[in-house]
1. Which of rounded, prolate, oblate describes the stretch 163-202, given a ≥ b ≥ c as roots of the alpha-carbon gyration tensor eigenvalues and a/c under 1.5 marking rounded, otherwise prolate only if a/b is larger than b/c?
2. Give the long-range amide H neighbours of D261: residues separated by 5 or more places, or on another chain, with amide H under 5 Å away, using H modelled in the peptide plane at 1.01 Å from N.
3. Ranked by Cβ crowding within 10 angstrom, fewest neighbours first, how are S146, S23 ordered?
4. Hey, what's the per residue convex hull volume over the C-alpha atoms of the stretch 12-228, in cubic angstrom?
5. Mind jotting down the three principal axis lengths of the stretch 238-359 based on Cα atoms? Whole angstrom, largest first.
6. Suppose every Lys and Arg Cβ carries +1 and every Asp and Glu Cβ carries -1, with no other charges. What dipole size does the stretch 238-359 come out with about its Cα centre, to the nearest 20 debye?
7. Output ³J(HN,Hα) for the stretch 329-345: one whole-Hz value per residue in order, computed from phi by the Karplus curve 6.51 cos²θ - 1.76 cosθ + 1.60 with θ = phi - 60°, and x for Gly and Pro.
8. When you take every Cα atom in the stretch 188-304, what is the radius of gyration, and what is Dmax, the widest Cα pair distance, in Å?
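Each value in this text was obtained by applying a stated rule to the coordinates, not by laboratory testing. Quick caveat: nothing in here was measured; it's all calculated off a predicted structure. Cβ sites come from the backbone with ideal geometry, for glycine too, and all protein chains shown count toward neighbours.
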Amino acid sequence: MAVQDKTEAPTSKKREDARNKGSVAKSMDLNSALVLLVCLALIKSLASFFVQGLDSMLRDALAQLSNPELTQTRVLGLASDNGVKMLILCGPILAAAGAVGFATNVMQVGLKASPQSMAPDLNRMNPISGLAKMCSGRGFVELLKSVLKIFIVGYVVYAFLQAELPNFTKLADMALRDSVSVVALMCWRMMIKAGAAMAMIAIIDYGYQKWSFEQSIKMTKQEVRDEYKMQEGDPQLKGQIRQRQRDMVKQRMMQNVPKADVIITNPTHYAVAIQYDQEKMGAPTVVAKGQRLLAQKIKDVAIANGVPIVENKPVARALYAAVEVGDQIPENLYQAVAEILAYVFRISNKAGRVSHSAAH
């Protein structure tokens, strides 16, 4: 059997199944780039806050360390206090990094969790399968991407430092505070350039991940047909069910034929069984109808059970076309059906029902 190419776009069920397994289009580079850029912007805007905080920490630490009565307990307390202060200083950056990372994930894959992907799977710890993934085509592509990222970002940093090299020679002639400011500005500009390079890589990687994901979940024509059968049911089986339902309807109709008061025929093409009980029905009701072979079966059952058969082509056609089994006849056919019922009741000595039928 020939292997079919996956040429069909994935169905919504295929996408949902892939998502439940944790397979989505996601770029980790996009997360990293956005987190880096947001953190850099936050550091730039809160630079004075960080500098003042670090300056205060260093002054306190130096003052404590120069104290001749310094003990081990005080050193531990100083370390603990400075740790808390550092956490307070870095708190805005950490919070921003977490928020941006979460928002980027939501932007890429949405909020829906995937319990199936979070379930423990021993195959993930299998070194053989892990090695197979590394040696696969996708593993090679990921390795190539990592090498290119290192090369591109490294080249951006190298080109920046090469261009700024003349400025480094001037640092020796500057005051310490001025030289620190110049170096800090250089570092800032270098990080911005590196961040911009990472952002460009992330955008390209996100596009690649989307394309790769779409290719991975494409379906063959046979898979689409099989999925349709699973969702909608096998057409052959559905046909069998419909045929069985029709047979059951026919069987119920044939059981109602002996209860009919008259069979109105075409005479060969149509047969409509009419029943009228003035105590239970507001109008005569069609209890069975059929054409051709089914019409003949209705007439055969009627003959076997002594139900009168009346030939009236226009009425038979009109009733067959306008009234479903179990429904009462429409008003425009009252007069015609009443005359037929009156005739049948008269010849059947059911005069007690003639006047009511004729009234309709």
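1. Values: a/c = 7.21, a/b = 2.54, b/c = 2.85.
Oblate shape, in that a/c is at least 1.5 and b/c is the bigger or equal ratio.
2. Placed amide hydrogens put I274, Q275, Y276 under 5 Å from D261.
3. Working: S146 11, S23 15.
So the ranking, lowest neighbour count to highest, is S146, S23.
4. Numbers: hull volume 44.7 nm³, N = 217.
Enclosed volume per residue, from the Cα hull, is 206 Å³.
5. Over the stretch 238-359, Cα extents along the principal axes are 48, 27, 26 Å.
6. On the way: 17 positive and 10 negative charges, 118 e Å.
Rounded to the nearest 20 debye, it is 560 debye.
7. 6, x, 4, 5, 10, 4, 4, 5, 5, 4, 5, 5, 5, 4, 5, 5, 5
8. Taking only Cα atoms of the stretch 188-304, I get Rg and Dmax of 33.3, 103 Å.
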